[in-house]
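Input: a single structure, listed below in C-alpha cells.
The values are calculated or read from the model by the stated rules, or taken from the named source; none is laboratory data. What you are looking at is a predicted structure, and each value in this text was computed from that prediction instead of being measured. Glycine also receives a Cβ, built like all others from the backbone with ideal geometry; neighbour counts cover every protein chain displayed.
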Amino acid sequence: MEQAHHGAEAGPKQRAVEIGTALLTLGFGLIVLYGSVAVGAGWDGGPQAGFFPFYVALILCGCSLLNLVSGLREAREPVFAEYGQLRQVLKVLIPACIYVALVPSFGIYFPSVLLILVFMIWLGHYKWPLAIAVALGVPAFFYITLERWFLIPLPKGPIEAMLGL
Amino acid sequence: MDMILDNFNHLYHGFGIASDPFNILLMAIGILLGVIIGVLPGLGGANGVAILLPLTFSMSPTSAIILLSCIYWGALFGGAITSVLFNIPGEPWSVATTFDGHPMARSGRAGEALTAAFTSSFVGAFFAIVMITLIAPLVAQFALQFGPAEKFAVYFLAFASFVGMSKEPPAKTIVSMMIGFALACVGLDMVTGQLRLTFGFTELLNGFDFLIAVIGLFGIGEILLTMEEGLEFRGKAAKIDPKVVWKTWKTLPKFWVTSLRSCVIGCWMGITPAGATPASFMSYGIAKRMSKNGKNFGNGEIEGVVAPETAAHAAGTAAMLPMLALGVPGSPTAAVLLGGLLIWGLQPGPMLFVEQAEFVWGLIASMYLGNIVGLILVLTTVPLFAAILRIPFSIIAPVILVICAIGAYTVNNNVFDVLMMMVFGVLGYLLKKTNYPLAPLVLAIVLGPSAEEAFRQALLYSGGAVSVFWSNGLVSSIMGLGVIAGIWPLIALLFAKLRGTSAQPA
C-alpha cells in the first residue's frame with residue numbers, strides 16, 4: 001500500500017509481510033480446526049462443543065487463503081517499514097517484553113521503575129535526577145491511588161516484601 | 001403515545017439520578033480523564049475504558065456507566081485537540097479533522113478551530129442522544145419478540161455490515177472477525193461443560209478476556225506504530241478566550257445544512273457498526289462536494305472542521321443505541337462498555353429497558369448532562385491538555401506501558417494476562433500494518449459467546465436445519481439485510497457499471 005519514497009532506506013517488503021500474516025492466520029485457523037474436531041464438531045442431540053468454532057475456523061482458513069493469493073499478487077517493491085523505523089519499534093518492543101517478563105516474579109513496581117529509567121536515560125537522554133524522580137513518582141502514584149484509595153492490590157515481588165509494603 | 005409519555009417520565013427520573021452531585025463529579029472526572037486519554041498516543045476510548053473498568057467494580061452500575069461513558073465522550077472531544085494543534089489525530093475518527101483544523105491553527109486561528117470542533121462535537125452528540133431517547137425504547141420493545149434465530153440474524157447483520165462498509169479488503173475483515181470468534185470460543189463451553197481449544201494449557205481455561213485483547217491491540221499496538229514515526233511533537237499553542245468562542249459561535253449557524261447532514265450520516269454510521277471513522281470521512285467528503293467553498297477545503301475552512309467532528313461525535317454516541325437496545329455495540333468502545341454491563345451483572349439487550357429502567361434512563365440522562373459538562377470543560381481547559389502533549393514521548397511511552405500493564409493485571413488479578421497483553425500488542429501492530437481492521441476482532445471476542453449461544457439455540461430448536469434462519473418474515477428480512485450489507489461493494493460496483501460512469505468516491 002505505502003509507496004517507498006525515492007532514496008528511502010531498505011526494509012522488509014510489504015508483500016513478504018502480507019504473505020507471512022496470511023500464513024499466520026491460516027495456521028491459527030488450522031489449529032482451531034484441529035481443536036474443534038478434537039472435542040467433536042458434529043451433532044449429538046444438539047451441536048457439539050466444537051460445532052461453532054469448526055465453521056469459524058473453516059471460514060478463517062478460506063479467507064486466509066484468499067489473502068495469501070492476493071498477497072502473492074502484490075507488487076514486489078513497496079517496503080513494509082524501513083529498517084530505521086523497525087529499529088525504533090524494537091527499541092520499545094524489547095524493553096517492553098523484558099518488562100512484561102519480569103512482572104510475574106518481581107511484581108509490577110520494580111520493573112516499572114526500571115522501564116521508565118531505561119526509556120528516559122537511554123532513549124530520551126535525560127539527566128539522572130529527573131529520570132529517577134519520574135521513575136519513582138509514577139509507581140508511587142499508582143500505589144497510592146490503586147492500593148490505598150481503590151483497595152486494588154497489584155502484584156508485588158521480593159523487593160516490596162523487603163520494604164514491608 | 002402512552003409509551004412516549006412514559007419515556008419522558010422515565011427520562012425525568014433519569015435526570016434525577018444523573019444530577020446527583022456524586023454522579024456530576026464522576027462526569028467531570030470522566031470527561032477530564034477521557035480528554036487525557038484521547039490526547040495521549042497509545043491510549044484511546046476503547047482501551048482507556050478497558051483499563052479503568054476494574055476500578056468501577058465496587059461502584060453501583062449506574063455510577064460506573066456514567067463514569068465510563070463520560071470517559072468515552074471525553075476521548076471523542078480529546079481527539080480534536082491533537083488533530084488541530086499538532087496535526088496528529090489522537091483517534092482514528094479525528095483524522096479528517098486534521099485536514100482543515102491544522103491549517104487553521106497554523107494561520108493563527110487555533111482557538112476558532114477548536115471552538116468549532118468542540119461545538120460541532122456537542123451538536124452531533126446531542127442530535128444522537130435525542131435520537132436514542134426517542135428510538136431506543138421502540139427498538140428495544142420491537143426486539144423483545146426476537147427468538148434465538150432473530151438474535152443471531154442481528155449479529156449476522158452487524159458483522160456483515162462491517163464487511164460491506166470497511167475500506168479494507170473483505171477477506172481481511174472476515175479473517176479479523178473470525179480470529180475474534182475463535183478466541184471467544186477458547187475455554188469452558190457453557191452448554192456442554194467441555195473444555196475446548198485449550199490444548200492442555202491451564203492458563204487458557206478461562207479463555208481470552210476481551211479487555212486484555214483491547215488493551216494490547218489498541219494500546220501496545222498503537223505505541224509501536226507511534227514509535228515508527230519517530231515522534232516529534234511540533235504543536236501550536238492554543239488559548240481559547242470567551243471572545244473567540246463568541247465570535248466563532250456567531251459564524252456557526254450558517255453551516256446548519258452541513259451540520260444536519262453530518263448528524264444524519266453520523267447517526268446512521270454509528271448504529272450500523274461501521275463506526276465514527278468512516279462517518280467522519282464520508283461527512284467531510286460530502287461537505288467538500290456540496291459546499292460553496294469546497295475548493296478551499298484543506299486550507300483551513302471552518303466548515304471542514306464542522307463536518308467531520310459533528311459526524312464523528314454523532315456516530316460515537318449513536319453507537320450506544322444498538323448496544324443498549326439490542327446488545328450489539330456499534331463501536332469498539334461501546335463493545336467494552338457492553339462487556340462492563342456483563343461484568344456488573346446486567347444483561348444488555350431489550351430486557352434491559354424493562355428490568356433496569358433506572359439504569360438505562362440514568363445513563364441516557366447522563367449523556368445529555370455529560371455532553372454539556374464536557375463542552376464547558378474542554379473549552380476552559382484546552383491549554384492544560386495542550387501542555388500534556390508537550391511532554392516528550394520518551395516519558396509518555398513507558399508510563400503508558402505501565403498503565404496498560406496495570407490495567408491488564410487488574411482485570412482478573414492475573415499476571416499471565418500481562419504477558420497476553422504483550423502478545424496482542426505485537427499482533428495489533430502486525431495486523432494494523434497489513435491493513436486488517438481491529439474493530440471486528442474486538443467486537444467478535446465480545447459478542448462471540450452470545451452469537452454462538454443464539455446460533456446453537458436456533459439450531460437446537462430446528463433440529464439442525466439451517467433453514468431456521470429463513471423461517472419467517474422477520475428473521476428472513478434481517479438476514480436479507482445482512483446479505484445486502486455484506487455484498488454492498490459488489491452491488492455499488494454493479495450500479496456504477498450500469499450507469500456507465502466510474503463514480504469516484506471522494
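Scan segment B:327-348 residue by residue and report those that are in contact with a Leu (Cβ under 6 Å, 6 or more places away or on another chain) and either part of a loop (DSSP other than H, G, I, E, B) or more than 23 Å from B:ALA75 (Cα to Cα) (or both).
Listed by number, the residues that qualify are B:PRO329, B:PRO348.
How many of the residues making up segment B:168-201 are under 26 Å from the mean Cα position of the chain (by Cα), of a type in the set (Val, Ile, Thr) and more than 7 Å from chain A (Cβ to nearest Cβ)?
The total comes to 2.
Is one or more of the residues making up segment B:414-434 under 23 Å from B:MET165 (Cα atoms), within 21 Å of the chain's Cα centre (by Cα), crowded, with 23+ Cβ neighbours inside 10 Å and at pLDDT below 85?
no
Could you look through segment B:194-251, keep only residues that are within 30 Å of B:LEU338 (Cα to Cα) and of a type in the set (Asp, Glu), and pick out the one that is modelled with the highest pLDDT?
So, considering only residues that are within 30 Å of B:LEU338 (Cα to Cα) and of a type in the set (Asp, Glu), the one modelled with the highest pLDDT is B:ASP209.
Among the candidates A:ALA75, A:ALA38, A:ALA10, A:ALA16, single out the residue that is facing chain B (nearest Cβ under 10 Å) and small (Gly, Ala, Ser).
Sole residue among the options that is facing chain B (nearest Cβ under 10 Å) and small (Gly, Ala, Ser): A:ALA38.
Take the conditions part of a helix (DSSP H, G or I), at the interface with chain B (Cβ under 9 Å from one of its Cβ atoms), modelled with pLDDT of 85 or more and surrounded by 13 or more Cβ atoms within 10 Å (Cβ to Cβ) and apply them to A:PHE119. Does it pass?
So A:PHE119 fits the description; yes.
When only residues in segment A:82-116 that are part of a helix (DSSP H, G or I) and of a type in the set (D, E, K, R) count, which is surrounded by the fewest Cβ atoms within 10 Å (Cβ to Cβ)?
Across segment A:82-116, the extreme among qualifying residues is A:ARG87.
Scan segment B:428-443 for residues that are aliphatic (A, V, I, L, M) and facing chain A (nearest Cβ under 9 Å) and jot them down.
B:LEU430, B:LEU431
Might you check whether a residue that is within 14 Å of chain A (Cβ to nearest Cβ), out of contact with any Cys (no Cβ under 7 Å at 6 or more places or on another chain), closer than 27 Å to A:ASP44 by Cα and in contact (Cβ under 8 Å) with a residue 12 or more places away in the chain occurs anywhere in segment B:153-167?
Checking segment B:153-167: at least one residue is within 14 Å of chain A (Cβ to nearest Cβ), out of contact with any Cys (no Cβ under 7 Å at 6 or more places or on another chain), closer than 27 Å to A:ASP44 by Cα and in contact (Cβ under 8 Å) with a residue 12 or more places away in the chain.
Within segment B:395-413, is there a residue that is in contact (Cβ under 8 Å) with a residue 40 or more places away in the chain, more than 14 Å from chain A (Cβ to nearest Cβ) and of a type in the set (Ser, Thr, Tyr)?
Checked segment B:395-413: no residue is in contact (Cβ under 8 Å) with a residue 40 or more places away in the chain, more than 14 Å from chain A (Cβ to nearest Cβ) and of a type in the set (Ser, Thr, Tyr).
Output yes when any residue across segment B:459-482 is away from every other protein chain (no Cβ under 12 Å), touching a residue at least 12 places away in the same chain (Cβ under 8 Å), under 30 Å from A:TYR143 (Cα atoms) and in a helix (DSSP H, G or I), and no when none is.
no
What's the total number of residues in segment B:169-204 that are assigned to a helix (DSSP H, G or I) and surrounded by fewer than 17 Cβ atoms within 10 Å (Cβ to Cβ)?
2
Among the residues of segment B:353-394, write down those that are at pLDDT below 85, surrounded by 18 or more Cβ atoms within 10 Å (Cβ to Cβ) and under 15 Å from B:GLY79 (Cβ atoms).
Correct list: B:VAL382, B:PHE385, B:ALA386, B:LEU389.
From (1) surrounded by 12 or more Cβ atoms within 10 Å (Cβ to Cβ); (2) facing another protein chain (nearest Cβ under 9 Å), pick out the condition that doesn't hold for A:GLY157.
(2)
Table: residues versus (1) of a type outside the set (A, V, I, L, M, F, W, C); (2) touching a helix residue (DSSP H, G or I) at 6+ places or on another chain (Cβ under 6 Å); (3) more than 24 Å from B:VAL402 (Cα to Cα).
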residue: B:ALA80; (1), (2), (3): no, yes, yes
residue: B:VAL84; (1), (2), (3): no, yes, yes
residue: B:ILE88; (1), (2), (3): no, yes, no
residue: B:GLY101; (1), (2), (3): yes, yes, yes
residue: B:MET104; (1), (2), (3): no, yes, yes
residue: B:SER121; (1), (2), (3): yes, yes, yes
residue: B:GLN141; (1), (2), (3): yes, no, yes
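Name the residues in segment B:335-372 that are in contact with a Ser or Thr (Cβ under 9 Å, 6 or more places away or on another chain) and of a type in the set (Gly, Ala, Ser), would you?
B:GLY340, B:GLY349, B:GLY362, B:ALA365, B:SER366, B:GLY370
Select from segment A:19-35 the residues that are at the interface with another protein chain (Cβ under 9 Å from one of its Cβ atoms) and buried (at least 21 other Cβ atoms within 10 Å of the Cβ) and list them in ascending order.
Of everything in segment A:19-35, those that are at the interface with another protein chain (Cβ under 9 Å from one of its Cβ atoms) and buried (at least 21 other Cβ atoms within 10 Å of the Cβ) turn out to be A:THR21, A:ALA22, A:THR25, A:GLY29, A:VAL32, A:GLY35.
Quick one: would you say A:ILE94 is among the β-branched types (Val, Ile, Thr) and in the same structural domain as A:VAL138 (by TED's automatic domain parsing)?
Against the criterion (among the β-branched types (Val, Ile, Thr) and in the same structural domain as A:VAL138 (by TED's automatic domain parsing)), A:ILE94 qualifies.
Determine if segment B:84-93 includes at least one residue that is of a type in the set (A, V, I, L, M), in contact with a Lys or Arg (Cβ under 7 Å, 6 or more places away or on another chain) and surrounded by 24 or more Cβ atoms within 10 Å (Cβ to Cβ).
The answer is yes, given that some residue of segment B:84-93 is of a type in the set (A, V, I, L, M), in contact with a Lys or Arg (Cβ under 7 Å, 6 or more places away or on another chain) and surrounded by 24 or more Cβ atoms within 10 Å (Cβ to Cβ).
Select from segment B:157-177 the residues that are modelled with pLDDT of 85 or more and touching a Leu at 6+ places or on another chain (Cβ under 9 Å) and list them in ascending order.
If the condition is that a residue be modelled with pLDDT of 85 or more and touching a Leu at 6+ places or on another chain (Cβ under 9 Å), then B:LEU157, B:PHE159, B:ALA160, B:PRO169, B:PRO170, B:ALA171, B:LYS172, B:ILE174, B:VAL175, B:SER176, B:MET177 are the ones that fit.
Please find, within segment A:52-62, the residue that is farthest from the chain's Cα centre (by Cα) out of those that are within 7 Å of another protein chain (Cβ to nearest Cβ), surrounded by 21 or more Cβ atoms within 10 Å (Cβ to Cβ) and without any contact (Cβ under 8 Å) to a residue 24 or more places away in the chain.
Among those residues, the one meeting the criterion is A:PHE52.
Scan segment A:124-142 for residues that are facing chain B (nearest Cβ under 7 Å) and not in a helix (DSSP H, G or I) and jot them down.
Result: A:GLY124, single match.
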